[in-house]
1. Find out how many positive minus negative residues lie around Glu73, taking Lys and Arg as positive, Asp and Glu as negative, among other residues whose Cβ is under 10 Å from that of Glu73.
2. Radius of gyration and Dmax for the stretch 146-303's Cα atoms, expressed in Å?
3. Between the stretch 108-130 and the stretch 297-315, what's the alpha-carbon centroid distance in Å?
4. Can you find, among Tyr268, Val125, Val280, the residue sitting farthest towards the positive end of the charge dipole of the chain, where Lys and Arg contribute +1 and Asp and Glu -1 at Cβ?
5. Which three numbers, in whole Å and largest first, are the semi-axes of the equivalent ellipsoid of the chain derived from its Cα gyration tensor as √(5λ)?
6. Under the rule of at least 5 residues apart or a separate chain, name every residue whose amide H is placed under 5 Å from the amide H of Gly94.
7. I need the Kirkwood Rh of the stretch 32-155: take the reciprocal of the average 1/r across all distinct C-alpha pairs and report it in angstrom.
8. Residues with amide H under 5 Å of Gly59's amide H, sequence separation 5 or more or different chain, H placed in the peptide plane at 1.01 Å from N; which?
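Throughout, read-outs are computed from the coordinates displayed, never taken from laboratory work. A quick note: this is a predicted structure, and the numbers were derived from the prediction, not measured. Here the Cβ is made from the backbone with ideal geometry for all residues, glycine too, and neighbour counts use every protein chain on show.
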Amino acid sequence: MGAEQNDAGPTWPVLRVADWTDTRDTVHMWTQIVGKIRMVHAPLVNHWWQVTLYVSPRGLTTSTIPYGSGAFEIEFDFVAHRLEVRSSDGGTGGLALRPMSVAEFYAETMAVLRRLGVEAPIRPVPNEVDPAVPFPDDHAHASYDGEAAGLFWRQLLQADRLISEFRSRFVGKVSPVHFFWGAMDLACTRFSGRPAPPHPGGAPNCGDWVMVEGYSHELSSCGFWPGGGEEGAFYAYAYPEPDGFSDYPVEAEGAAFSPEFQQFLLPYEAARTADDPDRVVRGFLQSTYEAAAELGKWDRAALEVDPGRWLDRMR
């Protein structure tokens, strides 16, 4: 029972939030800096999909960022513990990920970009946190435990794998599986196709208009967040929340609706210690989606699909 092992380490690693909070909060600010660099150069996509990061085989990446007639990419490599910057003109640069302040990381990252000829005039203040200390002034967040960062990336690998599989069953409008640096969570969102009432906002240090764009259409969202449990948590919510949503029977042992966070939470440790973690997470993702779709009267027949429909012809 518990974490499956392979040559690279535990597939479902143990990482207590309390054991890496300082590193988590520092890395959170680092990802905000990199995410904002992507945001200033990428054209707006509905629901802010252009600002996110993605799980990569070594960490988290911006993917391709357009710049002039070329492009560049920034990747957090949590295997070699480096920030790597690669440009389409062949230029490369980077810096070692190590214990250093947000102010130092900000200055070094911007210096790397300047050496590669990339301008990145970001607003150097974090979002969705309180207090929002400007990056050049943040000397308090300065921790980096490389082992913990690597374990977090391995948590993200499992979440990305299972949520991507879940995503494949939906033929309607659905987001990529992507990492939002505002709240530091991996997310995937399905949409019914109907507009939603304007979101009231309320996220700290984030304009209400940001939330109005993000929640402009009726949705069911799921993801993984390194909080909400002793080792993080899978989550699921609906907007607008249909009547009866919080009481819907969720098919995942250990999952429950959190009145504090207004969403269903499945503690990561409940999945990790299960005889079949994949089955538990799949049940959580599917049943919480069904809570939104059934109670919200989505046209499920038109929106859902069998991801194996072409397998016989593909072989």
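1. My count for the surroundings of Glu73 gives 0.
2. According to the Cα coordinates of the stretch 146-303, Rg and Dmax are 15.1, 46 Å.
3. After rounding, the separation between the Cα centres reads 42 Å.
4. Farthest towards the positive end: Val125.
5. Computed over the chain, the values are 32, 23, 20 Å.
6. Amide H to amide H, under 5 Å and 5 or more residues apart or across chains, Gly94 pairs with Val85.
7. Here the Kirkwood hydrodynamic radius works out to 15.1 Å.
8. Result for Gly59 returns Phe78.
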